[in-house]
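Presented below is the structure to which this report refers.
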């Protein structure tokens, strides 16, 4: 295991862009974790006399229509967005792995039925499906996480199923089966550990997709609600003033773009590091 990790990091370090992206992701995560200590103001506190202050040394990113400090709200938005992204990916990965693993291992009618259901769900754009689920469940952090995670499950199920199909007939798996190892142990001890690479890659990219989906839902009023701060919600609040005060949407928009771009590059870097033949 240690040798494989060394090889992975060795391959990953060769991709300089991916290394920079990983540093950016780590910094964003640290900023989200220590948001309360870094933020110069309370993200929700209103200062009516300081409305629409332009970026300055006092308010690094200016203030909004309620006089709230945008920098503090962007930091709070990072905490909320990353929380939604990581938890929703954790849920969708766990469920998708189970569905894909059993479908690929048992094949036959069980696989056919399960995967046709997954294909049907995949035929609906993920964001549209998330909007439909959110419309049923309602607003709020918990419902937003459920909406985003449930919409992403089929992607993980298909990836895991294809990996299980390619691994389950290998010699070491056949040897374990002939020695009397049960199905559950075969799946979780012998097969899935060798499917981690594509799962990790998809999960890394999936965090970015989840953040974008959550921001989109909040933007149209179906996600995080005031006075909480979330990047998509900040874009929605600032669009009414975009002509005169473009910085209201500029900073949360840049936060979304930089975070998703960095996560996608990290995901590509992971993919290339796990399989060096993919490196360009």
Fill in: From the options 177, 142, residue that is modelled with pLDDT of 85 or more, in a helix (DSSP H, G or I) and surrounded by fewer than 21 Cβ atoms within 10 Å (Cβ to Cβ)
142
Discussion item. Scan the stretch 94-105 and tell me whether some residue there is touching a residue at least 40 places away in the same chain (Cβ under 8 Å), crowded, with 22+ Cβ neighbours inside 10 Å and in contact with a strand residue (DSSP E or B) (Cβ under 8 Å, 6 or more places away or on another chain).
Written reply: no
Worksheet item: How many residues does the stretch 154-174 hold that are farther than 24 Å from residue 93 by Cα and modelled with pLDDT of 90 or more?
Response: 0
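Just a yes or no: is a residue in the stretch 229-236 assigned to a loop (DSSP other than H, G, I, E, B) and within 19 Å of the chain's Cα centre (by Cα)? Explain how you work it out, then say what you get.
Step one: list which residues in the stretch 229-236 are assigned to a loop (DSSP other than H, G, I, E, B), which gives 229-230.
Next, from what is left, pick out any that are within 19 Å of the chain's Cα centre (by Cα): 229-230.
Yes, that holds for at least one residue.
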Worksheet entry | Residues of the stretch 1-19 that turn out to be in a helix (DSSP H, G or I) and touching a helix residue (DSSP H, G or I) at 6+ places or on another chain (Cβ under 7 Å), as a count | 7
Discussion item. Residue 217 - would you say it is over 19 Å from residue 54 (Cα atoms), modelled with pLDDT under 95 and part of a helix (DSSP H, G or I)?
Written reply: yes
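On the given criteria, is residue 263 part of a helix (DSSP H, G or I), touching a residue at least 24 places away in the same chain (Cβ under 8 Å), touching a helix residue (DSSP H, G or I) at 6+ places or on another chain (Cβ under 8 Å) and closer than 26 Å to residue 142 by Cβ? Please lay out each step first, then the result.
Working: part of a helix (DSSP H, G or I): yes; touching a residue at least 24 places away in the same chain (Cβ under 8 Å): yes; touching a helix residue (DSSP H, G or I) at 6+ places or on another chain (Cβ under 8 Å): yes; closer than 26 Å to residue 142 by Cβ: yes.
Yes; evaluated as a whole, the condition is true for this residue.
Across the stretch 83-93, which residue is farthest from the chain's Cα centre (by Cα) among those that are surrounded by 21 or more Cβ atoms within 10 Å (Cβ to Cβ) and more than 19 Å from residue 160 (Cα to Cα)? Write out each step before concluding.
Looking only at the stretch 83-93, we keep the residues that are surrounded by 21 or more Cβ atoms within 10 Å (Cβ to Cβ), and these are 84-85, 88-89, 92-93.
Right, trim to more than 19 Å from residue 160 (Cα to Cα) and you get 84-85.
On the way: 84: 8, 85: 4 Å.
Ranking the candidates gives 84 first.
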Worksheet item: Given the conditions (1) over 25 Å from residue 24 (Cα atoms); (2) touching a residue at least 40 places away in the same chain (Cβ under 8 Å); (3) in contact with a helix residue (DSSP H, G or I) (Cβ under 9 Å, 6 or more places away or on another chain), and given that residue 140 satisfies all but one, which numbered condition is not satisfied?
Response: (3)
Item to complete: Kindly list the number of the only condition in (1) surrounded by fewer than 21 Cβ atoms within 10 Å (Cβ to Cβ); (2) touching a residue at least 40 places away in the same chain (Cβ under 8 Å); (3) more than 23 Å from residue 169 (Cβ to Cβ); (4) over 12 Å from the mean Cα position of the chain (by Cα) that fails for residue 111.
Response: (3)
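Answer yes or no as to whether residue 225 is modelled with pLDDT under 90 and farther than 20 Å from residue 89 by Cβ.
Values: modelled with pLDDT under 90: yes; farther than 20 Å from residue 89 by Cβ: yes.
Against the criterion (modelled with pLDDT under 90 and farther than 20 Å from residue 89 by Cβ), residue 225 qualifies.
When you go through 98, 22 one by one, which is the residue that is closer than 19 Å to residue 256 by Cα and either in a helix (DSSP H, G or I) or modelled with pLDDT under 90 (or both)? Give the derivation first.
Values: 98 fails: closer than 19 Å to residue 256 by Cα.
The unique qualifying residue is 22.
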Discussion item. Which count do you get for residues in the stretch 223-234 that are surrounded by fewer than 24 Cβ atoms within 10 Å (Cβ to Cβ) and touching a residue at least 60 places away in the same chain (Cβ under 8 Å)?
Written reply: 3
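The values are calculated or read from the model by the stated rules, or taken from the named source; none is laboratory data. Just so it is clear, the structure is predicted and the values come from calculations on it, not from any experiment. Every residue, glycine among them, receives a Cβ derived from its backbone with ideal geometry; neighbour counts consider all protein chains shown.
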